[in-house]
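Below is one structure, written out as structure tokens, with a few remarks after it.
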Amino acid sequence: MKLDTLIEKATQSKKQMVAVAAADDEEVIEAVSMALEQNLADFLLFGDKEKILKFMNKNYSGMEKNENLKIIHANTNELAAEHAVKAVKLNEANVLMKGNIPTATILKAVLNKEFGLRTGNVLSHVAVFEVPGYNRFTIVTDAAMNIAPDLEQKAKIINNAVMVAKGIGIEMPKVAPLAAVEMVNPSMQATLDAALLTQMNRRGQISGCIIDGPLALDNAVSKYAAEHKGIGGDVAGQADILLVPTIEVGNVLYKSLIYFANAKVGAIIAGAKAPIVLTSRADSAESKLYSLALALCSAK
């Protein structure tokens, strides 16, 4: 599966609106420009209007005249975040995107009790990878938000990832709660949680997916490894969603796929009223575009 298909999918139905908090950044303007070229979405750009126009005029002359974007001045990052979040809250936008602003600042606005985007759900990071030589998307969660989730949080993280998976066309995603071993070991909390999540799924407490674990990474993604070790089931060797036990595991897996496997990725924060694109300066423009497309598919 190719992440380019997400761009195609996002452009096939009614165009959506993206609210960008603190858009006064060259890399953000580049991502917005790419999205406009692909006819991916319309944009509300909140931030320092003078700087936004400066970046546009520097590299994308005439971009400010594009009828599919609007620039709204905000004196501070805090105001830019507040205005962008309120745009989503008021259904003026379908997706929230982080610009040149600290993650803590935009999340503070997202979690604001008065105008924020709370749903009562856990916010979690969902990354969709295109791994060379692998014939399906690999979804990793949670590599950036929840440090050491408990059983209840893991169930909600799965629900968020399942929603994203369905948004990109995986009707019945297969979920592998990862651990170091396949056997339940009372000394290894990851194996206990994985077994309980599996039972919760079988009893209908977590629906819309198939969960089976604990599974080590090799047995979750490789049919050969699973068969060689005599591990059967509907998930072994063909997992769509890899649920990591802690943020350290997720962070290492995420970066290993990018730097060792040359994987491409799109990632969002799920669990709020609308998908949130948290771009990083380390992300390529291509990755930012994929993240936008993923958010738009999830918003539908």
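The values are calculated or read from the model by the stated rules, or taken from the named source; none is laboratory data. These numbers were taken from a predicted model, which means no experiment stands behind them. Don't worry about glycine lacking a Cβ; one is built from the backbone with ideal geometry, like all the others, and counts go over all protein chains shown. Note: areas computed on protein heavy atoms with side chains; ligands, DNA, RNA excluded. Shrake-Rupley method; radii C 1.70, N 1.55, O 1.52, S 1.80 Å.
Could you check the range 227-290 for strands (runs of 3 or more DSSP E) lying wholly inside it with 3 or more residues that are of a type outside the set (Asp, Glu) and in contact with a Leu (Cβ under 7 Å, 6 or more places away or on another chain)? Write out each step before concluding.
Numbers: elements: 241-243, 264-270, 276-278.
Ranges flagged: 264-270.
Each residue in the range 205-219 was checked for being assigned to a helix (DSSP H, G or I) and open to solvent by 30 Å² or more (accessible area, probe 1.4 Å), and 2 pass. Quick check, is Ile170 outside the structural domain of Lys98 (by the TED database), of a type outside the set (S, T, N, Q) and over 18 Å from Met1 (Cβ atoms)? Taking the combined requirement at face value, the residue does not satisfy it.
Kindly provide the set of residues from the range 1-34 that are among the polar types (S, T, N, Q) and modelled with pLDDT of 90 or more, ordered by number. Spell out how you get there, then give the answer.
If we filter the range 1-34 for residues that are among the polar types (S, T, N, Q), which is where we start, we get 5, 11-13, 16, 33.
Within the range 1-34, Thr5, Gln16, Ser33 meet the criteria.
Put simply, of Met1, Met56 the only residue that is part of a loop (DSSP other than H, G, I, E, B) and either open to solvent by less than 10 Å² (accessible area, probe 1.4 Å) or in contact with a Lys or Arg (Cβ under 6 Å, 6 or more places away or on another chain) (or both) is Met1.
Inside the range 86-100, can you point out the residues that are open to solvent by less than 10 Å² (accessible area, probe 1.4 Å) and closer than 18 Å to Asp48 by Cα? Explain how you work it out, then say what you get.
If we filter the range 86-100 for residues that are open to solvent by less than 10 Å² (accessible area, probe 1.4 Å), which is where we start, we get 87-88, 93, 95-97, 99.
Once the filter is applied, which keeps residues that are open to solvent by less than 10 Å² (accessible area, probe 1.4 Å) and closer than 18 Å to Asp48 by Cα, the range 86-100 yields Ala87, Leu96, Met97, Gly99.
Mind checking which residues of the range 213-234 are under 13 Å from Val181 (Cα atoms) and either touching a Ser or Thr at 6+ places or on another chain (Cβ under 6 Å) or at pLDDT 95 or above (or both)? Hits for the range 213-234 are Gly213, Pro214, Leu215, Ala216, Leu217, Asp218, Asn219, Ala220. One residue alone among Leu90, Leu79, Leu107, Leu96 is under 17 Å from the mean Cα position of the chain (by Cα), without any contact (Cβ under 8 Å) to a residue 60 or more places away in the chain and not assigned by the TED database to the domain that holds Gly208, and that residue is Leu107. Of all residues in the range 56-110, those satisfying the criterion of being in contact with a strand residue (DSSP E or B) (Cβ under 6 Å, 6 or more places away or on another chain) and charged (D, E, K, R) are Lys70, Lys98. Quick one: in the range 231-283, of everything that is in contact with a helix residue (DSSP H, G or I) (Cβ under 7 Å, 6 or more places away or on another chain) and at positive phi, which residue is surrounded by the most Cβ atoms within 10 Å (Cβ to Cβ)? Filtering first and then ranking leaves Gly271. If only residues of the range 4-17 that are touching a residue at least 60 places away in the same chain (Cβ under 8 Å) and of a type outside the set (Ser, Thr, Tyr) are counted, the one that is most open to solvent (accessible area, probe 1.4 Å) is Lys9.
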